1. Per-residue counts of other Cβ atoms within 10 Å, averaged by peptide: what ranking do you get for 161-173, 192-204, highest first?
2. Given Lys145/Lys180; Lys30/Lys83; Lys4/Lys115; Lys83/Lys108, which pairs have Cα atoms separated by over 19 Å?
3. Test of understanding: express the Cα radius of gyration of segment 5-160 as a ratio to 2.2 N^0.38 Å, with N the residue count.
4. For segment 87-227, which whole percent of the accessible surface, found with a 1.4 angstrom probe, sits on carbon and sulfur atoms?
5. What is the angle, in °, between the Cα long axis of helix 95-104 and the longest principal axis of the Cα atoms in the chain? Nearest 10 is fine, range 0 to 90.
6. With only Lys, Arg, Asp and Glu charged, each at its Cβ (+1 for the first two, -1 for the last two), find how big the charge dipole of the chain is about the Cα centre; round to the nearest 20 debye.
7. How many Å² of accessible area per residue for the chain, probe 1.4 Å?
8. Give the relative contact order (percent, whole number) for segment 88-227; include only Cα pairs under 8 Å separated by 6+ residues.
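The values are calculated or read from the model by the stated rules, or taken from the named source; none is laboratory data. From a predicted model like this one, the values you see are computed outputs, not experimental measurements. Heads up, the Cβs are rebuilt from the backbone with ideal geometry, glycines too, and the neighbour counts pull from every protein chain shown. For accessibility, only protein heavy atoms count, side chains too; no ligands or nucleic acids. Shrake-Rupley method; radii C 1.70, N 1.55, O 1.52, S 1.80 Å.
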Amino acid sequence: MKYKCCIFDLDGTLVNSIHALTYCTNESLKRCGVEKQVTEEQMMSIVGDGYRMQMRRSLLACGDTELVHYEEILPVYMEVFAKNCLYEMHAYDGIREFLEYAKENHMKIAVVSNKPHAQAVDTVEYVFGKGYFDTIIGEREGIPKKPDPTGAITAAAELGAEPSECLYFGDTNTDMQTGKNAGMTTVGVLWGFRSREELEAFHPDYLIASPGEMTEILEHIQERRGK
């Protein structure tokens, strides 16, 4: 039984969104009167668990230890992000080639993101074009944030695949937990926002250093499963 579906995290896996995330966060901090800003390096460890946690971690990093601005900054961020979520957004080198390879081999492709659903769709369609992915799932009513597996399981069901027939690609511990919680084969990617050590601690089934390796991994594991 070969794999039928590749499910991808979005930020740090398919697209380099660190510029947009940092810009929107800093603009929100500024509008709320927080003088300090976060760096892109800091943002790499801040993101990944939804915008509420992103704002919480950002405020703490900027010295708001009592989270005085927390309730205020949430709607501000959503407003700023809605207008600037595509700021300097681009796919990582080699991603498009792998996606084409998967399509050519009759695999479905999906995105499951902790971004709010509307922004997840906007991001994917801006970078890859409308209709390129078979399904896109962001945080929305009925779809809790990862590592809850609901989004990944929903994507598999929409694409007619069992969880065991899906590969789940991601760059954070949250993603590795999501894939395992969903009963999928996990592939940790090292070009994103987190370290090898973080991913290894959650024991992904595969760990790859570049998008180009995804084709090799897929060929290898499909052979092992039998075509």
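1. Working: 161-173: 23.2, 192-204: 16.8.
For the peptides 161-173, 192-204, the packing ranking is 161-173, 192-204.
2. Details: Lys145/Lys180 15 Å; Lys30/Lys83 16 Å; Lys4/Lys115 25 Å; Lys83/Lys108 30 Å.
As for pairs spanning more than 19 Å Cα to Cα, those are Lys4/Lys115; Lys83/Lys108.
3. Details: Rg = 16.2 Å, N = 156, 2.2 N^0.38 = 15.0 Å.
Computed over Cα atoms of segment 5-160, the ratio equals 1.08.
4. Answer for segment 87-227: carbon and sulfur cover 46 percent of the accessible area.
5. Its long axis makes an angle of about 30 degrees.
6. Details: 23 positive and 36 negative charges, 75 e Å.
That gives the chain a dipole magnitude of about 360 debye.
7. On the way: 10030 Å² over 227 residues.
Using a 1.4 Å probe on heavy atoms only, each residue of the chain averages 44 Å².
8. Dividing the mean separation by the residue count of segment 88-227 yields 19 percent.
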